[in-house]
Amino acid sequence: MKKLVILGAGTAGTMMANKLRGALDREEWSITIVDQFKTHYYQPGFLFIPFGIYNSHDVIKPKSDFIPTGVNMIYSAIDRVEAESNKVHLEGGKILNYDYLIIATGTKTFPDETPGLQDKLWHKEIFDFYTIEGACALQRFFKGWEGGKLVMAITELPYKCPVAPLEFVFLADAYFTQIGIRDKVDISYVTPMPGAFTKPVATKMLSELLAEKNITVIPDFYIERVDNDSKKLISYDEREVEFDVLTVVPVNMGDEMIERSGLGDDMNFVPTDKETLQSKKHENIFVLGDASNIPTSKAGSVAHFAAEILFENLMSAIEGRPLHAKFDGHANCYIETGFGKGALIDFNYDTEPLPGTFPLPGLGPFGLLENTKINHYGKVMFRWIYWHILLKGKELPVEPLMTMAGKKKVN
Amino acid sequence: MAEKTLAGKTVEVNDEGYLLNRDDWDKDLAAEMAKEDGIELTDKHYEVLEYLREKEAAGESLTIRKVGKSGITDIKGLYQLFPGGPLKLSSKYAGIAKPASCV
Ligand SMILES: Cc1cc2nc3c(=O)[nH]c(=O)nc-3n(C[C@H](O)[C@H](O)[C@H](O)COP(=O)(O)OP(=O)(O)OC[C@H]3O[C@@H](n4cnc5c(N)ncnc54)[C@H](O)[C@@H]3O)c2cc1C
């Protein structure tokens, strides 16, 4: 019996388990998937928790609901991969042998990488919303808050879902308006990037929206440390930003398991061929989702598009054929902008987000780089699609590779 | 896109002054580029530039954090060497493309 092992049963690993169980002969191939947790979190939902739009029960389901029969699910922490001998060591000493390995262990936040972040104000006046604990703590805090300086800060690149902190400030603007204290809340957005976003056309649209909503952008601010006593962010070039409440995207890195396995770069991301999704070091290892170092967004939508390419290439590898499918870095992100509206961006390695309609040229229904009600519904529907279509590895009526159809070129 | 003469050499640069062809680079050219921004390059600066060129040639993505872990200098030191925009400026003087952060 040949063995396929998947590390991580998050968005990417779960999708792959579903796709592969349908395709690989059960007499010939065993499929095993390993994760340390029994709960699957719908991470895009974390964004809505601080504002009471979702609660924790809206974003959790048992992982076992999504693992197909015929796949062996193991709940255990992974200690390390011994790639030279095709073995995975689990915590406690159990060893799994594999013929092919898919790494899908994602990325996580490391607040301890920034001095002063995880200190006496942590989850009291300094929060993250990239964990369920942080998002829920912030919801409790906002309920009793009467206003002051709210700072949203990004510590380091890359981080998953690059639009999430922008959505956070848009939703904060709407939330404080609705509860009647917007005039007492000063919102700023601190980023190490030169602007609200990196690609020029989207940056222009988003900057205008931020200005319209009276949100201050503080660009090129690379945080060195947080001073808990004076409640200030301090940058490496010694600039300061004061806060009353700080929401932060901590440093994102791959799991320590990647480092212990000697498989990662300096941020514990696995060097991966950006087209074939094969590990650069080992032919029988493929990497899907946030765990890889491919130069596109770390997002569920990217993992979904990439999964189709990885699937093709893994089947080719198994059959001894060349890896012909090539990923283009396709990302598709809904951006909540508050007050029941949203924007949408669609891009890849080479093409920046452009205006137009999606997915049907001229018809939409979604407007690219436009702030509309229907785009907001796209985001709302995304949760349903995530649980019922995406995780189960089913196809969406959207092509995995980006298309220029429906997009307008901008000079 | 434009042509520019630096240290006696005519090279192609983009509208932000970054070299279009990394093979046009040499140390004198780097010194002249830095001088335009009022920075005098020292051995430490050159060590950083060589490091960036090496990593870029290897196809690795460049971040301030990475240079800070290189052993040449820490992040604070990097800001002192290239005030204002450590990675933006150092990659320009290193003759490589401006590092695009992935979104
Ligand atoms: C606030 C927020 C908003 C977001 N919004 C969006 C959005 O609107 N649209 C979008 O497309 N994406 C969004 N994302 C991103 C999306 O959730 C992730 O990109 C996606 O979940 C990545 O999937 P993954 O499988 O690579 O990683 P994950 O889903 O994080 O799964 C990794 C799994 O590996 C397991 N694991 C890791 N290390 C070990 C170990 N050593 N032992 C055992 N198990 C291990 C973990 O327990 C986890 O279950 C958002 C994310 C956040 C945090």
All other residues with a Cβ under 10 Å from the Cβ of A:Ser188 taken together, and with Lys, Arg as +1 and Asp, Glu as -1, what is their net charge? -1
What distance in nm separates the simple spin-label points at A:Glu259 and A:Asp65, each placed 7 Å from Cα in the Cβ direction? 3.4 nm
How much net charge surrounds A:Ser230 when only the other residues with a Cβ under 9 Å from the Cβ of A:Ser230 are counted, with Lys and Arg +1 and Asp and Glu -1? -2
Work out the FRET efficiency for B:Ala2 and B:Ala58 from their Cβ-Cβ distance, taking R0 = 30 Å, and round it to the nearest 0.05. 0.55
Tensor-based shape of the range A:45-146 (alpha-carbon gyration tensor, a/c under 1.5 rounded, otherwise prolate or oblate): oblate
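What does the buried accessible surface come to for A and B, summed over both chains, with the probe at 1.4 Å? Round to 100 Å².
Details: alone 17270 and 6060 Å², together 21640 Å².
In total, chains A and B hide about 1700 Å² from solvent.
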Taking R0 as 60 Å, what FRET efficiency do you get between B:Asp26 and A:Arg383 from their Cβ-Cβ distance, rounded to the nearest 0.05? 0.60
Provide the convex hull volume over Cα atoms per residue for the protein assembly as shown, in Å³. 157 Å³
Give the shape of the range A:331-390 as rounded, prolate or oblate, defined through the alpha-carbon gyration tensor: a ≥ b ≥ c are the square roots of its eigenvalues, a/c under 1.5 means rounded, and otherwise the shape is prolate if a/b is larger than b/c and oblate if not. oblate
Using packing as a proxy for protection, rank A:18-28, A:47-57 so that the peptide with the highest average count of other Cβ atoms within 10 Å comes first. A:47-57, A:18-28
So for the range A:159-202, using the alpha carbon gyration tensor with a ≥ b ≥ c as root eigenvalues (a/c under 1.5 gives rounded; past that, a/b versus b/c decides prolate or oblate), I'd call it prolate
Inter-chain shielding metric for B:69-80, i.e. average beta-carbon neighbours from other chains within 10 angstrom, reads 2
Order A:99-105, A:213-219, A:389-395 from most to least packed using the mean count of other Cβ atoms within 10 Å. A:99-105, A:389-395, A:213-219
So what is the diffusion coefficient of the range B:2-93 in µm² per second by Stokes-Einstein at 4 °C and 1.567 mPa s, using a Kirkwood Rh over Cα pairs? 96 µm²/s
Counting only other residues whose beta carbon sits under 12 Å from that of B:Tyr46, what net charge do I get with K and R as +1, D and E as -1? -3
11 Å cut-off, amide nitrogen to a point 7 angstrom out along A:Asp119 Cα→Cβ, residues in the range A:234-269: A:234
Give the lysines whose C-alpha is closer than 27 Å to that of A:Lys231, dropping any in the same chain fewer than 8 places away, or say none. A:Lys108, A:Lys120, A:Lys124, A:Lys143, A:Lys149, A:Lys160, A:Lys184, A:Lys213, B:Lys76
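Suppose the chain between A:Arg26 and A:Leu90 were pulled fully straight at 0.36 nm per residue; how much longer would it get relative to their current alpha carbon spacing?
Taking 0.36 nm per residue and subtracting the Cα distance, the gain is 20.6 nm.
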Separation of the B:Ile75 and B:Lys98 label points, Cα + 7 Å toward Cβ, nm: 2.2 nm
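The values are calculated or read from the model by the stated rules, or taken from the named source; none is laboratory data. In this text, all values refer to a predicted model and were calculated from it rather than measured experimentally. Every residue, glycine among them, receives a Cβ derived from its backbone with ideal geometry; neighbour counts consider all protein chains shown. Just the protein is used for accessible areas: all its heavy atoms, side chains included, with ligands, DNA and RNA removed. Shrake-Rupley method; radii C 1.70, N 1.55, O 1.52, S 1.80 Å.
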